[in-house]
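Structure first, then comments.
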Amino acid sequence: TTSRDYLEERTPWQSGDEMVLMRAIDVESATTETELLRGVPKQMYMKNVQLSNGNIFSVFIDDAIERSGKNYGRLMWTYYNGTSWAQPQALCDDGTYDAFPEVVKMGDDKDDKDEKVMVAWSSVGIVMDESHDLQDALENLDIQTRIFDVSGDVPVPSGDAVTLTKPDGYGDVLPKLTYMAEENQVIMYYKKMEFKRMVARLAKIPETGE
């Protein structure tokens, strides 16, 4: 079971103070870093994409505190409007464990009226309980996607999450997305991995006479 001791250091969203990281010649243009959240999983897999309007759309894995330890990973999304980061929201809160998010911007950089982003990630297709083990999780990893309309000031989900792969005993992980501008299409590739359950067997050693 994954340790969740980091939750003892949990802070409210965007409660940290700004710290100057790099100071330019002009003091007013110094680059700053803001602590958004403390007490988070080690593997957050945070991914960002800059939009044509200057905002930043981000996804990351956070701890769903109210869930059991086997289902704690939940994919969240937020955005930066040039001043502050919006309170994160669950991208698909179905109670299952999420991992390996990827995000890509779709649309013409010169025309943001129809700009969208696509998010893809791996999700365990079952809500795990005490009867499930790591092997069950690995064998039920499938790829899900969701699209957001980001042409306005605030990103808006376009429909529900869609599961692209089917349970087949293999783990579908690490999706990667590439936007083809001329075709206005997204190409996705991912790894399909086989996880064989290890079974321990006892072998009787024959007795030998002296």
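The values are calculated or read from the model by the stated rules, or taken from the named source; none is laboratory data. Bear in mind the structure is a predicted one, so any value in this text is a computation, not a measurement. Please note: Cβ atoms are built from the backbone with ideal geometry, for glycine as well, and neighbour counts cover all protein chains shown. The protein model used for the area step is the full one, side chains on, heavy atoms only, and it has no ligands, DNA or RNA in it. Shrake-Rupley method; radii C 1.70, N 1.55, O 1.52, S 1.80 Å.
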So, with points 7 Å from each Cα along the Cβ direction, the Glu33-Tyr179 label distance in nm works out to 2.8
For peptides 122-134, 2-14, sequence by mean Cβ density within 10 Å, most packed first: 122-134, 2-14
Return the whole-Å distance between the Cα centroid of segment 99-167 and the Cα centroid of segment 32-83. 14
Relative to a virtual label point 7 Å from the Cα of Leu7 in the Cα→beta-carbon direction, which members of segment 70-97 show backbone nitrogen distances below 20 Å? 70-77, 88-97
At 1.4 Å probe size, with every protein chain present, just tell me what the per residue accessible area of segment 99-182 comes to in Å². 50
For Asp160 and Lys191, compute 0.36 nm times the residue count separating them, minus their Cα-Cα distance, and round to one decimal in nm. 8.8 nm
